[in-house]
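Participant: The structure under discussion is supplied below as structure tokens; questions concerning it will follow.
The values are calculated or read from the model by the stated rules, or taken from the named source; none is laboratory data. Source: prediction; values computed, not measured. Glycine also receives a Cβ, built like all others from the backbone with ideal geometry; neighbour counts cover every protein chain displayed.
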Amino acid sequence: MRNVNKIAALLLLSLFGGTVSSAIAAEKCEIDTRQSKAVGESSAKKIQKSFEAYTNGQLDEAIAILLEANAKNDFDKAYVARMLGNFYAEKGKMDTAIKYLKQAVEADILGGTDHAATMRLYADLLLQEKKFKEAIPYYYKWMTFTCKADAQMYRRIGIAHSELKQWDKVIEVADKGLSLAEAPDKGLYQMKLTAYFNQKKYKNAVGVLETMVPLFPEDGRLWVQLAQFYLMIENYDKSLATYDLAYRNGFLDSGSNITRLAQLMAQKGAPYQAAKIYQKHMKSGMIAEDAKSLEILAGFYQNAKEFKEAAEFYGKAAAISNDGKLYLKQGRLLSLDGNYAAAIPVLEKAISLGIDHPGEANFELALAHLSLKQYKSAYNRAQLAAKDKKTEKSANSYISYIKEKARMHNVAL
């Protein structure tokens, strides 16, 4: 035989007219003034037999016995309906449970404790079965009947309003619940945050998170959310500071969050530190080492004027993607770092793979050959660059200079 659960104990007590006391405020509430009754003799026999079957684990038999009960008066009918509602809920037949619980609740005749418990279960099942509009008034009725207003009730009401996308009401009930909560209620705060987000009231959302983070400092998700919302309201300094604190506390556990931190650091004048953090987490595997991430890392090093490292990672990204534009970037940076001999084949590969403006690579090649005193090659590349509208002016300005250099060194063009 299984243990009798709480609901079963309440049913047994109320069957024989017993009451279950609860600590209520000094004011007299209807739950206190409404007396519990005993069911009629004929109904009582069926109910007791059903209850015995239930406590022996025979739920289907318990239901069948109750369905045969021929309740004579409204109280007995409501009592039987309440039991059936509880049993069908335990069986998982929620639609049927709701049907019977509705009968018991609308009869409004059960004893105070029984009526309150039935109303609460009815509201909870309505909420569970996504009947949000119907559930809300019964939570309020329960609070009125019991003279109890607590955070958990307002949380349930808030869930229903959230599902109905009634964001102003969500905020209202969340605030009521928070005012009643004995301890900070993360769920209610999160509900309020979601409402402000869906209303696009991002500054209000920031205010909620600024309250939540000190209350729940171990929840890393809140730190990340606050940093993200600071970004949304374009408060980049606070966003960076929050991401940095979250990082130092080990709360950034995804590649996307590390990327945002690094990007903010680079924007705020620390591209080298950004590159080092980003590269560290690429090595750890948190950030995938693909063409996109390698290009991002190269960009950090480029902004830090670390041209050798930037060229290396642009080259790795280009090798993966076979992208001429990335080879062009690598070639330019090799030239900026003074490595002209290495830049030349890279720039040639950029042209061979295809880029929007080949003149850009040809002009860089002209400068590289010129730096290596390869005047004929420099001249030929400058001529090609002059045919591209994007580099025509720059190339033409160098052609005469290259010619003069070639003349001075007796090089035939």
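Participant: From Lys148, Lys133, Lys141, which residue is surrounded by fewer than 20 Cβ atoms within 10 Å (Cβ to Cβ), within 23 Å of Lys77 (Cα to Cα), of a type outside the set (Asp, Glu) and not assigned by TED's automatic domain parsing to the domain that holds Leu101?
Facilitator: Numbers: Lys148 fails: within 23 Å of Lys77 (Cα to Cα); Lys133 fails: within 23 Å of Lys77 (Cα to Cα).
Answer to the check: Lys141.
Per-residue answers, yes or no, for (1) in the same structural domain as Phe300 (by TED's automatic domain parsing); (2) at pLDDT 95 or above; (3) aromatic (Phe, Trp, Tyr); (4) under 30 Å from Ala304 (Cβ atoms):
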{"residue": "Glu182", "(1), (2), (3), (4)": "no, no, no, no"}
{"residue": "Asp185", "(1), (2), (3), (4)": "no, yes, no, no"}
{"residue": "Asp219", "(1), (2), (3), (4)": "no, yes, no, no"}
{"residue": "Gln263", "(1), (2), (3), (4)": "yes, yes, no, yes"}
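Participant: Please list, ordered by first then second residue, the pairs with beta carbon atoms under 6 Å, 6 or more apart or interchain, first in the range 232-244 and in the same structural domain as Gln267 (by TED's automatic domain parsing), second crowded, with 16+ Cβ neighbours inside 10 Å and at pLDDT 95 or above.
Facilitator: Between residues of the range 232-244 that are in the same structural domain as Gln267 (by TED's automatic domain parsing) and residues that are crowded, with 16+ Cβ neighbours inside 10 Å and at pLDDT 95 or above, there is no close pair.
Participant: Collect the residues in the range 338-381 that are within 19 Å of Lys403 (Cβ to Cβ) and not in a helix (DSSP H, G or I), keeping them in residue-number order.
Facilitator: Across the range 338-381, the qualifying residues are Leu372, Lys373, Gln374.
Participant: May I ask you to verify whether Ala8 is within 45 Å of the chain's Cα centre (by Cα), modelled with pLDDT under 90, buried (at least 16 other Cβ atoms within 10 Å of the Cβ) and not basic (Lys, Arg)? Steps first, answer last, please.
Facilitator: Working: within 45 Å of the chain's Cα centre (by Cα): yes; modelled with pLDDT under 90: yes; buried (at least 16 other Cβ atoms within 10 Å of the Cβ): yes; not basic (Lys, Arg): yes.
So Ala8 passes the test.
Participant: Here is a further query. Can you name the number of the only condition in (1) of a type outside the set (Phe, Trp, Tyr); (2) under 17 Å from Ala311 (Cα atoms); (3) not in a loop (DSSP other than H, G, I, E, B) that Lys393 fails?
Facilitator: (2)
Participant: Can I ask one more? Do we find that Ala181 is without any contact (Cβ under 8 Å) to a residue 24 or more places away in the chain and surrounded by 15 or more Cβ atoms within 10 Å (Cβ to Cβ) in this structure? Reasoning before the result, please.
Facilitator: Numbers: without any contact (Cβ under 8 Å) to a residue 24 or more places away in the chain: no; surrounded by 15 or more Cβ atoms within 10 Å (Cβ to Cβ): yes.
No; evaluated as a whole, the condition is false for this residue.
A quick yes/no check of all residues on (1) at pLDDT below 95; (2) in a helix (DSSP H, G or I):
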position: Ser22; (1), (2): yes, no
position: Ile31; (1), (2): yes, yes
position: Lys37; (1), (2): yes, no
position: Ala44; (1), (2): yes, yes
position: Gly57; (1), (2): yes, no
position: Ala71; (1), (2): yes, no
position: Phe75; (1), (2): yes, yes
position: Ala97; (1), (2): no, yes
position: Ala116; (1), (2): no, yes
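Results for (1) buried (at least 21 other Cβ atoms within 10 Å of the Cβ); (2) farther than 17 Å from Gln267 by Cβ; (3) out of contact with any Ser or Thr (no Cβ under 7 Å at 6 or more places or on another chain), shown as yes or no for each residue.
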site	(1), (2), (3)
Ala298	yes, no, yes
Gln302	yes, no, yes
Ala319	no, yes, yes
Lys329	yes, yes, yes
Leu334	yes, yes, yes
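Participant: Is it the case that the range 290-311 has a residue that's touching a Phe, Trp or Tyr at 6+ places or on another chain (Cβ under 6 Å), in a loop (DSSP other than H, G, I, E, B) and not assigned by TED's automatic domain parsing to the domain that holds His369?
Facilitator: Yes, because at least one residue in the range 290-311 is touching a Phe, Trp or Tyr at 6+ places or on another chain (Cβ under 6 Å), in a loop (DSSP other than H, G, I, E, B) and not assigned by TED's automatic domain parsing to the domain that holds His369.
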